[in-house]
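Reading through the structure tokens given below for one structure.
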């Protein structure tokens, strides 16, 4: 009996010493991107990996540039009592009201991928897109690939979207003083249609286009198909842009794209959800996390390996 009592006491002491297991939380990961966009596959993988590693629930959704749909998704997360929300900013100012509503309900909101300083997000994880645009333009200038009087074509998937607007702002700061002109043309989130529209534009404007800046992953990742279709050789027209897809890493390795920006999509989602978890536990996320690296041919294989899961 005494021995049995000692075992019970010892067991009770051990139970007191062990911390209670944290209750799983529910987070919402809401993107303006589309499921057909290759880069968003990697962002989604980062979110799913975080859920697997932490044991928390992450409800994910894509809204393909549909701003009202994305706003409604945030409101649905609020109504469901989310522990925190991770979301992108589809258009400048478009998330002001819903983020205010979330925070009034005590729900932290972490911004990823596309920043918007007009919104009271708790923190941001991703690129400084104005700086990114400036880097692309400066690369073309510093490498002697464009000069005063030249024309640069800038295809983008979603017209007026925050990312394209901010990237163009950075590009303007470099090109405008040098007298370099440019045009942003709209496409879609459907790659077949993107290739058709880009091919048509390049066919009609081949003589004046001195360089291309792809303002999104889908358009930059379509360069090889477009060049092959139109009859442009690799390197004949300098290209810079996003580089978060296997299509683009291969284009860099094969000389179709001179330099591409790696956005760390897996890590962006993973860190964004980590900050959301921290904020939901009462630790303020009082800082931003900036990512991004411009790579050329000598760095493309590393990114290709990461995206391939090697």
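Please go through the stretch 136-167 and give me each residue that is farther than 12 Å from residue 210 by Cβ, part of a loop (DSSP other than H, G, I, E, B) and in contact with a strand residue (DSSP E or B) (Cβ under 6 Å, 6 or more places away or on another chain), ordered by number.
Across the stretch 136-167, the qualifying residue is only 159.
For the stretch 274-281, state whether one or more residues are in the same structural domain as residue 140 (by TED's automatic domain parsing), at pLDDT 95 or above, in a loop (DSSP other than H, G, I, E, B) and over 20 Å from residue 140 (Cβ atoms).
No - not one qualifying residue is present in the stretch 274-281.
Among the residues of the stretch 191-201, is there at least one that is crowded, with 23+ Cβ neighbours inside 10 Å, touching a helix residue (DSSP H, G or I) at 6+ places or on another chain (Cβ under 9 Å), within 23 Å of residue 301 (Cβ to Cβ) and not assigned by TED's automatic domain parsing to the domain that holds residue 35?
Looking through the stretch 191-201, none of the residues is crowded, with 23+ Cβ neighbours inside 10 Å, touching a helix residue (DSSP H, G or I) at 6+ places or on another chain (Cβ under 9 Å), within 23 Å of residue 301 (Cβ to Cβ) and not assigned by TED's automatic domain parsing to the domain that holds residue 35.
Of the residues in the stretch 21-31, how many are modelled with pLDDT under 95 and surrounded by 15 or more Cβ atoms within 10 Å (Cβ to Cβ)?
Final tally of qualifying residues: 0.
Take residue 257 and tell me if it is under 21 Å from residue 137 (Cβ atoms), in contact (Cβ under 8 Å) with a residue 60 or more places away in the chain and not in a helix (DSSP H, G or I).
no
For the stretch 247-269, give me each residue that is modelled with pLDDT of 95 or more and under 15 Å from residue 88 (Cβ atoms).
Residues satisfying the conditions are 268, 269.
Residue 249 versus (1) assigned to a helix (DSSP H, G or I); (2) surrounded by fewer than 15 Cβ atoms within 10 Å (Cβ to Cβ); (3) in the same structural domain as residue 138 (by TED's automatic domain parsing): which is the lone unmet condition?
Result: residue 249 passes all but (2).
Within the stretch 220-246, how many residues turn out to be assigned to a helix (DSSP H, G or I) and modelled with pLDDT of 95 or more? Please lay out each step first, then the result.
Looking only at the stretch 220-246, we keep the residues that are assigned to a helix (DSSP H, G or I), and these are 220, 223-230, 246.
Remaining after also requiring modelled with pLDDT of 95 or more: 220, 223-230.
Residues flagged as assigned to a helix (DSSP H, G or I) and modelled with pLDDT of 95 or more within the stretch 220-246 amount to 9.
Is there any pair with a first residue in the stretch 297-308 that is buried (at least 17 other Cβ atoms within 10 Å of the Cβ) and a second that is assigned to a helix (DSSP H, G or I) and at pLDDT below 95 whose Cβ atoms are under 6 Å apart and which are 6 or more apart or on different chains, and what are they?
307/246
Residues being closer than 9 Å to residue 276 by Cβ and either at pLDDT below 95 or assigned to a strand (DSSP E or B) (or both): count how many of those fall in the stretch 78-93.
3
Determine whether residue 274 is over 19 Å from the mean Cα position of the chain (by Cα) and in contact (Cβ under 8 Å) with a residue 24 or more places away in the chain.
Criteria not met by residue 274.
Please go through (1) part of a helix (DSSP H, G or I); (2) in contact with a helix residue (DSSP H, G or I) (Cβ under 9 Å, 6 or more places away or on another chain) for residue 100 and return the number of the only condition it doesn't satisfy.
Just one mismatch for residue 100, condition (2).
Run residue 174 past the list (1) farther than 26 Å from residue 160 by Cα; (2) touching a helix residue (DSSP H, G or I) at 6+ places or on another chain (Cβ under 6 Å) and report the number of the one that doesn't hold.
Failing condition for residue 174: (1).
Does the stretch 155-165 contain any residue that is surrounded by fewer than 16 Cβ atoms within 10 Å (Cβ to Cβ), under 23 Å from residue 51 (Cα atoms) and either under 21 Å from the mean Cα position of the chain (by Cα) or not assigned by TED's automatic domain parsing to the domain that holds residue 206 (or both)?
Taking every residue of the stretch 155-165 in turn, none turns out to be surrounded by fewer than 16 Cβ atoms within 10 Å (Cβ to Cβ), under 23 Å from residue 51 (Cα atoms) and either under 21 Å from the mean Cα position of the chain (by Cα) or not assigned by TED's automatic domain parsing to the domain that holds residue 206 (or both).
Out of the residues in the stretch 183-210 that are over 24 Å from the mean Cα position of the chain (by Cα) and in a strand (DSSP E or B), which is farthest from residue 158 (Cα to Cα)?
210
Looking at (1) out of contact with any helix residue (DSSP H, G or I) (no Cβ under 7 Å at 6 or more places or on another chain); (2) in a strand (DSSP E or B), find the lone condition where residue 110 falls short.
Exception for residue 110: condition (1).
Residue 119: over 13 Å from the mean Cα position of the chain (by Cα), in a helix (DSSP H, G or I) and on the phi < 0 side of the Ramachandran plot, yes or no?
Here the answer is no, as residue 119 does not meet what is asked.
The values are calculated or read from the model by the stated rules, or taken from the named source; none is laboratory data. What you are looking at is a predicted structure, and each value in this text was computed from that prediction instead of being measured. In this analysis, Cβ positions are derived from the backbone assuming ideal geometry, glycine residues included, and neighbour counts consider all displayed protein chains.
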